[in-house]
Amino acid sequence: MSKAGRLVVLVSGSGTNLQALLDASADPSYGVRVVAVGADREGIEGLVRATKAGVPTFVEKLGNYPTRADWDRAIAAKIASYEPDLVVSAGFMKILGAPTLDAFPVLNTHPALLPSFPGAHGVRDALAHGVKVTGCTVMLADEGIDTGPIVAQEAVPVLPDDDEETLHERIKTVERRLLVEIVGRMAREGWTVSGRHVRIGNQSEGEST
């Protein structure tokens, strides 16, 4: 598969993962250029971060379209106009539809070790279950909720005095680093997908990322 040199990042909030990618891409050796940042709402910090970095932005509000299918087509067309090699859903609070997923590889992150604890409350659910280790997952998005092929995972221990906020903050620190690492490796080394197995570059089956 072609290397992911051109990156479109989608955000809905503060954009801390976006900032990590912008910071990394300032180094030419990283191999990635953020060519646009899209959002589903205006007035968010993620768009401010993009503007400060000189990156073009766009907003596609779901409410501006008569149907979800119309929005799916519109955001896919907007993404396509920037000719990305890879799209990153970085805290984007909408599930992307087939028009985008069929046209581009989309990376997403989740604050748990999938397939455990999918959905909007992965940290809360892990704590409630009493696990001693959780973590974060970088995956290729599909039309399900946190069901796409897993690209990379990293464990984060659950401490005895953790609450949802403290645990989530530690997970997010690992998540930002892992996302930056994986996006860069996919750009520099290329990647292949076989069923549910994603291989970056010449990585051997079963090798840790």
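The values are calculated or read from the model by the stated rules, or taken from the named source; none is laboratory data. These numbers were taken from a predicted model, which means no experiment stands behind them. Cβ placement follows ideal geometry from the backbone for every residue including glycine, while neighbour counts extend to all protein chains displayed. All accessible areas refer to the heavy atoms of the entire protein, side chains included, with ligands and DNA or RNA removed. Shrake-Rupley method; radii C 1.70, N 1.55, O 1.52, S 1.80 Å.
Here Asp163 passes the criteria (1) open to solvent by 60 Å² or more (accessible area, probe 1.4 Å); (2) within 15 Å of the chain's Cα centre (by Cα) except the one numbered (2).
Among the conditions (1) part of a loop (DSSP other than H, G, I, E, B); (2) modelled with pLDDT of 95 or more, Phe92 misses just one, which is (2). Does Glu169 satisfy the criteria of being open to solvent by 70 Å² or more (accessible area, probe 1.4 Å), among the acidic types (Asp, Glu) and either under 24 Å from Gly5 (Cα atoms) or without any contact (Cβ under 8 Å) to a residue 24 or more places away in the chain (or both)? In short, yes. Kindly establish whether Ala69 is farther than 22 Å from Ile145 by Cβ, hydrophobic (A, V, I, L, M, F, W, C), outside any strand (DSSP E or B) and open to solvent by 10 Å² or more (accessible area, probe 1.4 Å). No: the conditions fail for Ala69.
Of the residues making up the range 79-86, not a single one is in a loop (DSSP other than H, G, I, E, B), within 26 Å of Thr137 (Cβ to Cβ), open to solvent by less than 20 Å² (accessible area, probe 1.4 Å) and hydrophobic (A, V, I, L, M, F, W, C). One residue alone among Arg188, Arg199 is closer than 21 Å to Gly5 by Cα and at pLDDT below 95, and that residue is Arg188. Taking the conditions (1) under 30 Å from Gly201 (Cα atoms); (2) touching a His at 6+ places or on another chain (Cβ under 6 Å); (3) hydrophobic (A, V, I, L, M, F, W, C) in turn, Val87 satisfies each one other than (2).
So which of Leu62, Leu18 ends up being open to solvent by less than 20 Å² (accessible area, probe 1.4 Å) and closer than 18 Å to Met93 by Cβ?
On the way: Leu62 fails: open to solvent by less than 20 Å² (accessible area, probe 1.4 Å).
Criteria check complete, one pass: Leu18.
Of all residues in the range 31-46, exactly one satisfies the criterion of being in a helix (DSSP H, G or I) and open to solvent by less than 20 Å² (accessible area, probe 1.4 Å), namely Gly46. Residues in the range 138-172 that are within 16 Å of Val88 (Cα to Cα) and among the acidic types (Asp, Glu): Asp142, Glu143, Asp146.
Listed here are the residues, each with its yes/no results for (1) among the small types (Gly, Ala, Ser); (2) assigned to a helix (DSSP H, G or I); (3) buried (at least 21 other Cβ atoms within 10 Å of the Cβ).
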site: Leu127; (1), (2), (3): no, yes, no
site: Leu159; (1), (2), (3): no, no, no
site: Ala187; (1), (2), (3): yes, yes, yes
site: Arg199; (1), (2), (3): no, no, no
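In the range 174-188, the residues that are in contact (Cβ under 8 Å) with a residue 24 or more places away in the chain form Cβ pairs under 6 Å with partners that are among the polar types (S, T, N, Q), at six or more places apart or across chains, as follows: Glu175/Thr109; Arg176/Asn17; Leu179/Asn17; Leu179/Thr109. Go over the candidates Arg176, Arg124 one by one and state the one that is among the basic types (Lys, Arg), under 28 Å from Arg33 (Cα atoms) and at pLDDT 95 or above. Going through Arg176, Arg124 in turn, just one is among the basic types (Lys, Arg), under 28 Å from Arg33 (Cα atoms) and at pLDDT 95 or above: Arg176.
Only one residue in Val133, Val198, Val156, Val123 is touching a Gly at 6+ places or on another chain (Cβ under 6 Å), of a type outside the set (D, E, K, R) and more than 29 Å from Phe58 (Cα to Cα), so which one is that? Of Val133, Val198, Val156, Val123, the one residue that is touching a Gly at 6+ places or on another chain (Cβ under 6 Å), of a type outside the set (D, E, K, R) and more than 29 Å from Phe58 (Cα to Cα) is Val156. Of all residues in the range 95-109, those satisfying the criterion of being in a loop (DSSP other than H, G, I, E, B) and touching a helix residue (DSSP H, G or I) at 6+ places or on another chain (Cβ under 7 Å) are Gly97, Ala103, Phe104.
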